[in-house]
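Each value in this text was obtained by applying a stated rule to the coordinates, not by laboratory testing. Model, not experiment: these values are computed from the prediction. No Cβ is skipped: glycine too gets one built from the backbone with ideal geometry, and neighbour counts run over all protein chains shown.
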């Protein structure tokens, strides 16, 4: 927003000109900024008078207001310099484009502000509706709140870091849990969180997961993944960090399936 210039306070030295300090003060910038505009060729630098001072007139004040207004709107100084030689039609078109750019920036800033406010209130970026429904279904199926929270955090991470792959990965995961036998396997995996890593039940669960994986994808086959994708590894590493038992299960599964 352009600050009004206090024209009523202007007292022109010798009735017509002012110093650089007065010019800067009237427009609301520093003398250093005025000198930068001189150096960049945005504002003509007047000659010095007999006393060695540079004196500025009303036209300089008006030009400086224009420059400051455009600079505050985010217009690069090089573009402002080019606009000095633009025709009235070219200047009007440029101002319209700048206005459109400002409108877009304001929209983006408001979106960012909304995200900051949700973060401050403890509400992160909303997940797609289908993911929220899936998380509610997990609770109905008997998964622990710990597992539901972990899944929510994982999908927030995946959708934020890899939005182009997140939907496909989520749909694959959701489809797996529609099979009762596989869902029971995941329920047992959830319950294994608190087991000691050397508990025999950990080895048994790993064996069952290996058998289910081979049955689903066929002997000697693995789920096809983009070799460059870091998403599956990202998910698994997060899960492994949550429980020594889960980490051992993953180790046993990898050892068997990679053999």
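Numerical summary
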item: Mean Cβ count within 10 Å, highest first, over the residues of peptides 170-176, 45-51; result: 170-176, 45-51
item: Shape metrics for segment 7-119, restricted to C-alpha atoms - Rg then Dmax, Å; result: 17.7, 62
item: Segments 83-93, 155-165 sorted - mean Cβ within 10 Å per residue, highest first; result: 155-165, 83-93
item: Shape call, segment 49-167: gyration tensor on alpha carbons, a/c limit 1.5; result: prolate
item: Sorted by Cβ neighbour density within 10 Å, fewest at the top, the residues 217, 37; result: 217, 37
item: Simple label model, 7 Å out from Cα along Cβ direction - residue 211 to residue 141, nm; result: 2.0
item: Gain on full stretching of the segment that runs from residue 129 to residue 160 - 0.36 nm per residue minus C-alpha separation; result: 9.6 nm
item: Spherically averaged projected area in nm², based on the convex hull that wraps the Cα atoms of segment 129-257; result: 7.7
item: Estimated FRET transfer efficiency (residue 72, residue 149; beta-carbon r; R0 51 Å; 0.05); result: 0.70
item: Point-to-point label distance, residue 108-residue 95, nm (Cα→Cβ direction, 7 Å offset); result: 2.5
item: Spacing of the two label points (7 Å from each Cα toward its C-beta) at residue 172 and residue 38, in nm; result: 6.6
item: Percentage relative contact order, segment 129-257, counting C-alpha pairs under 8 Å, at least six apart; result: 26
item: Label zone at residue 116, where the point sits 7 Å out along the Cα-to-Cβ direction: segment 52-89 residues whose backbone N lies under 19 Å; result: 73-74
